[in-house]
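Remarks on the structure that follows.
The values are calculated or read from the model by the stated rules, or taken from the named source; none is laboratory data. Bear in mind that the values here come from a model prediction, so they are computed numbers and not experimental data. For neighbour counting, all protein chains shown are included, and Cβ atoms are generated from backbone atoms with ideal geometry for every residue, glycine included.
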Amino acid sequence: MNDPNTIVAISTPPGEGGIGVVRLSGPESIAIGRKVFHCTPPLGSRIRFVEYGRVMVDGRAIDEGLAWVLAAPRSYTGEDTVEISSHGSLQILEQLVQAALAKGAVLAQPGEFTRRAFLNGRLDLLQAEAVVDLIQAGGKGSLDNAYGHLQGRLSALVRQHKSCIIEALSLIEVGLDFAEEDIDETSRQSVLNLLDQVINSTRHLVDTFEGCRLRQDGALVVLVGRPNVGKSTLLNAFLGEERAIVTPLPGTTRDLIEGRAHWGGEIVRLIDSAGIRTSQDLIEKEGIRRAIETIETADFVLAVLDASDNWHKDDELVLQLLEYKPAILLLNKTDLPRRLNIPIAFSSTHPVVDISALTGLGLPQVQQFVTANMPSPSLVNGLGITRQRHRDCLQRVIESSTMAREMLLSQQLDECIVAELQEGLVAFGDILGENVADDVLDRIFSDFCIGK
């Protein structure tokens, strides 16, 4: 790719230290960089050398900072690239971008720097997608997985499977080159072995999708209980903010209230649900219906009971909903005199933890228990897939390879087998971005922010 335009954007907004970065990429990036950043010697005289100078807008200096030049093709985008680091404010960075635009640059589109890196062969499409996954990773597991993709480990795995298809094709096409000969039994068995390897390995990779998506989006942890047992106070304590309204009146929470937290390096989506009890109030009944529906989809349930009150028939109603669900019973309000006695039929089915949402007693233990008992995704060589696009492409590989295997066993025409295997090669090419349409790229890179 040789795009004539030089693009510019704020690559890194100012952080807590007030430092931000503006990036230029393209054939005129050095020339434009010299006009908006003055230093001695002029910017670009020393490649990969950090220069100290002044940020220039309309012929006057507005800030001082650092800049460096990365020459093509040894840059992130594969083009000449200039990065200017300025301290101050977002206002300064925006003025710097406007000055570059006035000198001939164009504003970068979302993900355009990474898109150029892909089009210039610096990254394949799996690695390019990993950039935004890395930025958006909310937990340690998602971060490790995204970084593995960015390093090219998933790409290497895909290419390894692709090479098996290519080898199988070459064995079959030998017979096509010599029409009087059919594929011999040894070659036939070799092709079957290769297809079995592709089918099994690719299926294992597809099977990582649900678990990795769960880890990326966050496990759904639902707080349930009858009214006034302290669910909303507990939600606020876990989140460290006043997300839910807390009152002494029963039935205050009528709808689902959600917040996100990090437990043990992973994301959890905490949901406070309406208090479950027998009610004739239409609005409250709808809230209870939604609470029950959420329990069914939850990855983990925190059933909250009031340790300072007697056992209640609504407590029994709540615990009956936990059958076959990963759950623990939280005896809240243990800072008050204890009155609750849980029937053995319920206390023996799930772990019980004493807590106080008011004082924080037992909350770290709850977090540790939940994260320790969450199902871990079944990874392949430490990697998993998180995008529907990847899953769809790999599913096509499985289908075409399975069809080719069945054709081979039933001794159908080699030409038909070759056609199925070529379908698998196309699917592998799609996941790597070897033959991807512009509209697919537009959709992928629209998820990026400007400057990446």
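Values as computed for the structure displayed
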{"item": "Selected residue [within 30 Å of Leu194 (Cβ to Cβ) and either without any contact (Cβ under 8 Å) to a residue 40 or more places away in the chain or of a type in the set (A, V, I, L, M) (or both)] from Glu415, Glu399", "result": "Glu399"}
{"item": "Residues of segment 330-348 satisfying the condition of being more than 12 Å from Trp311 (Cβ to Cβ) and crowded, with 19+ Cβ neighbours inside 10 Å", "result": "Leu330, Asn332, Lys333, Thr334"}
{"item": "Residues of segment 1-14 classified as touching a Phe, Trp or Tyr at 6+ places or on another chain (Cβ under 8 Å) and under 19 Å from Glu64 (Cα atoms), total", "result": "2"}
{"item": "Residue within segment 42-51 that is surrounded by fewer than 20 Cβ atoms within 10 Å (Cβ to Cβ), in contact (Cβ under 8 Å) with a residue 40 or more places away in the chain and in a loop (DSSP other than H, G, I, E, B) present", "result": "no"}
{"item": "Check on Arg188, within 30 Å of Leu432 (Cβ to Cβ) and at pLDDT 90 or above", "result": "no"}
{"item": "Residue satisfying condition, being of a type in the set (D, E, K, R), modelled with pLDDT under 95, buried (at least 20 other Cβ atoms within 10 Å of the Cβ) and outside the structural domain of Leu134 (by TED's automatic domain parsing), within set Glu112, Glu94, Glu83", "result": "Glu112"}
{"item": "Test for Ala274: is it buried (at least 21 other Cβ atoms within 10 Å of the Cβ) and modelled with pLDDT under 85", "result": "yes"}
{"item": "Ile288 buried (at least 17 other Cβ atoms within 10 Å of the Cβ), at pLDDT below 85 and in a helix (DSSP H, G or I)", "result": "yes"}
{"item": "Cross-chain or 6+ apart pairs with Cβ under 6 Å, segment 22-36 first and closer than 20 Å to Ile450 by Cα, then surrounded by 24 or more Cβ atoms within 10 Å (Cβ to Cβ) and among the acidic types (Asp, Glu)", "result": "Ser25/Glu79; Gly26/Glu79"}
{"item": "Residues being over 19 Å from Arg391 (Cβ atoms) and touching a residue at least 40 places away in the same chain (Cβ under 8 Å) - total across segment 423-452", "result": "7"}
{"item": "Looking only at segment 349-395, and only at residues there that are on the phi > 0 side of the Ramachandran plot and in contact (Cβ under 8 Å) with a residue 40 or more places away in the chain, the one that is surrounded by the fewest Cβ atoms within 10 Å (Cβ to Cβ)", "result": "Gly382"}
{"item": "All positions within segment 67-80 that are over 12 Å from Ser29 (Cα atoms), among the small types (Gly, Ala, Ser) and surrounded by fewer than 21 Cβ atoms within 10 Å (Cβ to Cβ)", "result": "Gly78"}
{"item": "Search result, residues across segment 17-33 that are surrounded by fewer than 20 Cβ atoms within 10 Å (Cβ to Cβ) and either out of contact with any strand residue (DSSP E or B) (no Cβ under 7 Å at 6 or more places or on another chain) or at pLDDT 95 or above (or both)", "result": "Gly17, Pro27, Glu28, Ala31"}
{"item": "Residue count, segment 15-37 (criterion: touching a helix residue (DSSP H, G or I) at 6+ places or on another chain (Cβ under 7 Å) and within 15 Å of Glu64 (Cβ to Cβ))", "result": "3"}
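Conditions (1) surrounded by 15 or more Cβ atoms within 10 Å (Cβ to Cβ); (2) modelled with pLDDT of 85 or more; (3) small (Gly, Ala, Ser); (4) over 23 Å from Gly148 (Cβ atoms), marked per residue:
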site	(1), (2), (3), (4)
Val397	yes, yes, no, no
Ser400	yes, yes, yes, yes
Leu409	no, yes, no, yes
Ile417	yes, yes, no, yes
Asn435	no, no, no, yes
Leu441	yes, yes, no, no
